Amino acid sequence: MNYRQQQEPILFVCHSDDDIVNEIKTMNWDVRQFRHLTSSPPPSIMEDVQVGIIEISAHTNLDFIESFIRANTAVFWVAMVNKEKLDNAGVRYLLKNYFYDFHSNPPDFTRLKFVLGHALGMAQLCATERLAANDIAANESILGQSQSMFHLKQQLHKVATCQLPVLITGESGTGKELVAQQLHAASACADGPFIAVNCGALPAQLVQSELFGHEKGAFTGATQRKIGKFEAAHKGSLFLDEIGDLPLEEQVNLLRFLQEKTIERVGSHQSLHLDVRIIAATHVDLEAAVKEGRFREDLYFRLNVIRLKIPPLRQRGNDILMLARHFLGHQQNPHRLSFSEQAEVAMLQHNWSGNVRELLNRVQRASVMASGRYIQPIDLEIESGPPPTAGECLKAIREEAERDALARALNESQGKVSTVAKQLNISRATLYRLLDKHSLL
């Protein structure tokens, strides 16, 4: 790559008029030109492209252009349209939904230069956000390709950059603390501490001291000043697990902190201002607890600003097998074990009332107790269903491979259906049928 290309932003141009393209080249762009766009350019052509121009004329295949743009959503597109085409409803739909701006042919180059510059600025701004998303993905510790987990990961990305309180709900063992850690790691306070507190495990008489700290002599046995969990989490995140078990009298102090961002140590009258993000989690129904008077309604609304719901393991389909193989791969055993087909069927049929924690425990147990090359349902201590026939085995393998391919493509394309259909070389109608079949819609 020469010096000019390194310094100038890259502009993709699809236009049949060489004079117009040559004029655009004088605007300090590194231009990649196509006279006509009848098939997708090689990936190397689209690499680092942030802004693009596409001519829409009588010969333009609107369906292909729509598919092409949806496959290159990071690019800010500007259309050049022959005036007569503006009467076409399909063209108007395309311009409204997929283009940053449009110009009539021949273009006003002064205005075009301004619009391209503005589009570049917006593209660079959005690129910064995508880099943040990539950082989250690179450090991702939450496994799962099911649609419910894909949705959760999308929510995590949106929530990570704000400092609002987050309430994580889900059954015991679904990984609420893992989600909280991921949320902290992707946030602006990632360099600060992550302090986790199990509200249900705190001794009733020491809750206030544990959370807010105490001064020397505040009570019998307080021989020195103690820093509480809130103060320890300054400039970071405080994860309050099982928030539903917090005593009512301490709920008042938590509410005051959420309102004023200040605390007082036990035995002190001096307010301390703290910068702490609150992440709370519970497996109980807080709405019911509010109705029963066990949880303050005003605190519930303060905590429930943003809510993340973690799906139970039994609703995550083949994620069960992905997690089981992941856990098995981290076990130290003298033989290289794998799961028998009967064990995999049994795991998919099991209710998993203990969710991911139960799955981990059963895999750890099986890695020790298995006597052969393959882990059997009895090693997992779960009941196996009726043994499948040869035909059912083949069908199950095909179904699993099909679903895995769909889920992987959805994750890689960030849910863009047109991109998935193109990647898998199937029609959109077929894709929608398969997504519905595997409950991925």
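With the simple spin-label model, which puts each label point 7 Å out from Cα in the Cβ direction, the Gln414 to Asn361 separation comes to 4.0 nm.
Adding -39500 (n - 2.57) for every DSSP H run of four residues or longer, then dividing by how many residues the chain holds, sets the calculated 222 nm ellipticity at -14000 deg cm²/dmol.
In whole angstrom, note down how far apart the Cα centers of region 196-238 and region 313-378 are. Cα centroid of region 196-238 versus Cα centroid of region 313-378: 40 Å apart.
Near Val252, once Lys and Arg are set to +1 and Asp and Glu to -1 for all other residues with Cβ below 13 Å from its Cβ, the sum equals -3.
For the modelled label position 7 Å from the Cα of His151 along Cα-to-Cβ, which residues of region 296-328 have backbone nitrogen atoms closer than 13 Å? Under 13 Å, as judged by backbone N against the label point of His151, lie 308-312, 315-316 of region 296-328. Estimated at the nearest 10 Å², the accessible area of Asp17 is 60 Å² with a 1.4 Å probe. FRET efficiency for the pair Ala89 and Ala401, taken as 1/(1 + (r/R0)^6) with r the Cβ-Cβ distance and R0 = 56 Å, rounds to 0.85. For a 29 Å ceiling on Cα separation, which of these pairs sit above it: Lys25/Lys158; Lys226/Lys309; Lys261/Lys291? Pairs exceeding 29 Å: Lys25/Lys158; Lys226/Lys309. Using 1/(1 + (r/R0)^6) with R0 = 30 angstrom and r between the beta carbons of Ala71 and Arg433, what's the FRET efficiency to the nearest 0.05? Here the calculated transfer efficiency is 0.90. Inter-label distance, Val290 to Leu62: 4.8 nm, where each label sits 7 Å from its Cα along the C-beta direction. Between Val368 and Asp275, the distance separating the two model label sites (each 7 Å from Cα on the Cα→Cβ line) works out to 4.6 nm. A value for Cα Rg over 2.2 N^0.38 Å was derived from the coordinates, and within the list [x] 1.15; [y] 0.97; [z] 1.28 it appears as [z]. Of all DSSP bridge pairs formed entirely within the chain, close to 5 percent run antiparallel.
Considering only region 201-313, what is the antiparallel percent among its DSSP beta bridges, to the nearest 5? Can you show the working numbers first?
Values: 3 of 9 bridges.
Taking every DSSP beta bridge with both residues in region 201-313, the antiparallel ones total about 35 percent.
If R0 is taken as 22 Å, the Cβ-Cβ distance between Lys158 and Met122 corresponds to a FRET efficiency of 0.70.
Quick check: residue separation of Asp101 and Glu249 times 0.36 nm, minus the Cα distance between them. What number comes out in nm?
Values: separation 148, 0.36 × 148 = 53.28 nm, distance 5.77 nm.
Using 0.36 nm per residue and subtracting the Cα-Cα distance, I get 47.5 nm.
Cross-link partners for Lys85 among the lysines, with Cα-Cα distance under 16 Å and sequence neighbours closer than 8 places in the same chain left out: Lys96. What the phi angles of region 193-200 give under the Karplus curve with 6.51, -1.76 and 1.60, with θ = phi - 60°, is a coupling list of x, 10, 10, 9, 10, 8, 5, x Hz, glycine and proline written as x.
The values are calculated or read from the model by the stated rules, or taken from the named source; none is laboratory data. Computed from a predicted model, the values in this text were never measured in an experiment. All Cβ positions, glycine included, derive from the backbone under ideal geometry; neighbour counts span all protein chains shown. For accessibility, only protein heavy atoms count, side chains too; no ligands or nucleic acids. Shrake-Rupley method; radii C 1.70, N 1.55, O 1.52, S 1.80 Å.
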